[in-house]
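Quick notes on the structure that follows.
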Amino acid sequence: MTFAVQNAWRDRFAAVPFEDRAAKAKVIISTHFNTKLQVFLNFVLSHYVTQGVEELDQAKLTPMLKLKYRDSIPDAVADLGQTPGEIGQAFAGFQKYLYQQQAVS
C-alpha cells in the first residue's frame with residue numbers, strides 16, 4: 001500500500017510485518033494468560049496475520065468467539081473459564097503486545 005503523504009510513525013509501523021508482531025506477542029501472551037486464553041488469543045493472532053489489523057476491532061470479538069467455538073458463546077465462556085467481561089478485557093488487553101518496542105540489549 002502506498003500513501004500520498006509521508007508519515008514517519010506509519011512507515012515505522014508498516015516496516016514490521018504482522019507475522020513478526022504476532023510471533024513476539026505470542027511469547028508475551030504465554031506468560032500473561034492461562035492456557036485456554038492463550039489458545040483463543042493465538043487463534044485471533046492467526047486471523048490478524050492472514051486477514052489484517054481489522055481482526056483486532058472490538059466488534060470482531062463475538063464473531064471470533066463464534067468461529068472458534070462453533071457458533072456458541074456459552075461454550076466459549078465455559079471453555080475459557082472467564083466471564084464475558086474478562087474475555088473482552090483479554091481481547092483488548094493483549095493487543096498492546098503487538099506494538100510494544102523490544103527492549104534494547
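Every number in this text was worked out from the coordinates using simple rules, so none of it is lab data. The shown structure was predicted, so the numbers you read here are calculated from the model rather than taken from an experiment. A quick note on method: Cβ atoms are made from the backbone with ideal geometry, for glycine too, and the neighbour counts reach across all protein chains shown.
Residues in segment 69-81 that are surrounded by fewer than 13 Cβ atoms within 10 Å (Cβ to Cβ) and either without any contact (Cβ under 8 Å) to a residue 40 or more places away in the chain or aromatic (Phe, Trp, Tyr) (or both): how many? Counting residues in segment 69-81 that are surrounded by fewer than 13 Cβ atoms within 10 Å (Cβ to Cβ) and either without any contact (Cβ under 8 Å) to a residue 40 or more places away in the chain or aromatic (Phe, Trp, Tyr) (or both) gives 4.
Would you point out the residue of segment 20-68, among those that are over 15 Å from ALA90 (Cβ atoms) and touching an Asp or Glu at 6+ places or on another chain (Cβ under 7 Å), that is surrounded by the fewest Cβ atoms within 10 Å (Cβ to Cβ)? Residue satisfying both the conditions and the ranking: VAL49. Among the residues of segment 87-99, those that are surrounded by 14 or more Cβ atoms within 10 Å (Cβ to Cβ) and within 12 Å of LEU61 (Cα to Cα) comprise ILE87, GLY88, ALA90, PHE91.
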